[in-house]
1. Rounded to the nearest 0.05, what FRET efficiency do Ile47 and Leu69 give with R0 = 35 Å and r taken as the Cβ-Cβ distance? Could you check?
2. What whole-number volume per residue, in cubic angstrom, does the convex hull of the C-alpha atoms of the chain give?
3. Mind ordering 66-78, 30-42 by average Cβ neighbours within 10 Å, highest first?
4. Just from its helices, what would the mean residue ellipticity at 222 nm be for the chain, if runs of 4 or more DSSP H residues each count -39500 (n - 2.57) and the sum is divided by every residue, rounded to the nearest 500 deg cm²/dmol?
5. Ratio of Rg to Rh for region 1-42, alpha carbon only, Kirkwood?
6. Ignoring any ligand, DNA or RNA, what whole percent of the accessible area of region 23-79 comes from carbon and sulfur when the probe is 1.4 angstrom?
7. For Cα pairs less than 8 Å apart in space and 6+ apart in sequence, what is the mean separation divided by the residue count of the chain, i.e. the relative contact order in percent?
Amino acid sequence: MDYIYIAGFFLVGAYILYRGFREFKILIIPGIYFLFLGGWRLADKLIAGAELMQGVYAWIIRGISLCVLAATGILYYMKYMRGKN
(Lines give C-alpha, C1' and ligand atoms only; values in the text may rest on other atoms or scores of the structure.)
Protein backbone atom coordinates (compact mmCIF):
# COMPACT_ATOMS: atom_id res chain seq x y z
CA MET A 1 0.00 0.00 0.00
CA ASP A 2 2.89 2.36 0.69
CA TYR A 3 4.08 2.08 -2.89
CA ILE A 4 0.70 3.36 -4.10
CA TYR A 5 1.17 6.48 -1.95
CA ILE A 6 4.70 6.89 -3.32
CA ALA A 7 3.46 6.60 -6.90
CA GLY A 8 0.69 9.06 -6.07
CA PHE A 9 3.18 11.61 -4.74
CA PHE A 10 5.26 11.32 -7.91
CA LEU A 11 2.20 11.59 -10.18
CA VAL A 12 0.73 14.56 -8.32
CA GLY A 13 4.12 16.30 -8.29
CA ALA A 14 4.63 15.77 -12.00
CA TYR A 15 1.10 16.94 -12.80
CA ILE A 16 1.41 20.06 -10.65
CA LEU A 17 4.75 20.91 -12.24
CA TYR A 18 3.35 20.43 -15.73
CA ARG A 19 0.23 22.51 -15.12
CA GLY A 20 1.93 25.02 -12.85
CA PHE A 21 4.70 25.80 -15.29
CA ARG A 22 2.16 26.60 -17.98
CA GLU A 23 -0.50 28.43 -15.98
CA PHE A 24 0.35 29.37 -12.41
CA LYS A 25 4.07 29.68 -11.63
CA ILE A 26 3.58 29.55 -7.84
CA LEU A 27 2.56 25.88 -8.12
CA ILE A 28 6.12 24.95 -9.03
CA ILE A 29 7.04 25.01 -5.31
CA PRO A 30 4.50 22.39 -4.17
CA GLY A 31 5.17 20.34 -7.31
CA ILE A 32 8.84 20.04 -6.42
CA TYR A 33 7.85 19.31 -2.82
CA PHE A 34 5.62 16.41 -3.84
CA LEU A 35 8.44 14.92 -5.92
CA PHE A 36 10.78 15.36 -2.94
CA LEU A 37 8.24 13.74 -0.61
CA GLY A 38 7.83 10.79 -2.99
CA GLY A 39 11.60 10.35 -3.09
CA TRP A 40 11.82 10.61 0.70
CA ARG A 41 9.18 7.90 1.20
CA LEU A 42 10.73 5.73 -1.51
CA ALA A 43 14.12 5.98 0.20
CA ASP A 44 12.45 5.08 3.50
CA LYS A 45 11.00 1.93 1.95
CA LEU A 46 14.07 0.86 -0.03
CA ILE A 47 16.82 1.50 2.53
CA ALA A 48 16.56 -1.11 5.25
CA GLY A 49 16.83 0.35 8.73
CA ALA A 50 16.81 3.98 7.59
CA GLU A 51 13.53 4.86 9.35
CA LEU A 52 13.23 8.24 7.62
CA MET A 53 9.69 8.74 8.93
CA GLN A 54 10.67 8.48 12.61
CA GLY A 55 12.80 10.43 15.05
CA VAL A 56 14.89 13.36 13.87
CA TYR A 57 14.16 12.66 10.23
CA ALA A 58 10.43 13.03 10.85
CA TRP A 59 11.07 16.50 12.31
CA ILE A 60 13.17 17.40 9.28
CA ILE A 61 10.36 16.49 6.88
CA ARG A 62 7.86 18.38 9.04
CA GLY A 63 10.09 21.46 8.97
CA ILE A 64 10.43 21.26 5.20
CA SER A 65 6.66 20.83 4.90
CA LEU A 66 6.08 23.91 7.05
CA CYS A 67 8.47 26.00 4.95
CA VAL A 68 6.86 24.89 1.67
CA LEU A 69 3.36 25.55 2.99
CA ALA A 70 4.31 28.98 4.32
CA ALA A 71 6.15 30.00 1.14
CA THR A 72 3.31 28.88 -1.10
CA GLY A 73 0.69 30.57 1.05
CA ILE A 74 2.57 33.85 1.22
CA LEU A 75 3.23 33.92 -2.53
CA TYR A 76 -0.39 33.05 -3.28
CA TYR A 77 -1.64 35.78 -0.93
CA MET A 78 0.74 38.36 -2.41
CA LYS A 79 -0.33 37.55 -5.96
CA TYR A 80 -4.03 37.94 -5.23
CA MET A 81 -3.66 41.01 -3.03
CA ARG A 82 -1.66 42.69 -5.76
CA GLY A 83 -4.45 41.91 -8.23
CA LYS A 84 -7.17 43.46 -6.03
CA ASN A 85 -5.37 46.79 -5.48
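1. It comes out at approximately 0.85.
2. 80
3. Details: 66-78: 12.5, 30-42: 18.2.
Final packing ranking: 30-42, 66-78.
4. -28500 deg cm²/dmol
5. Looking at region 1-42, the ratio lands at 1.03.
6. So the carbon and sulfur contribution to the accessible surface is 73 percent.
7. Values: 61 pairs, mean separation 22.2, N = 85.
Relative contact order of the chain: 26 percent.
The values are calculated or read from the model by the stated rules, or taken from the named source; none is laboratory data. Just so we're clear, the structure is a prediction, and the values are computed from it rather than from any experiment. Counting neighbours? That spans all protein chains shown, and the Cβs are built from the backbone with ideal geometry, glycine included. Heads up: the accessible areas ignore ligands, DNA and RNA and are worked out on the full protein's heavy atoms, side chains in. Shrake-Rupley method; radii C 1.70, N 1.55, O 1.52, S 1.80 Å.
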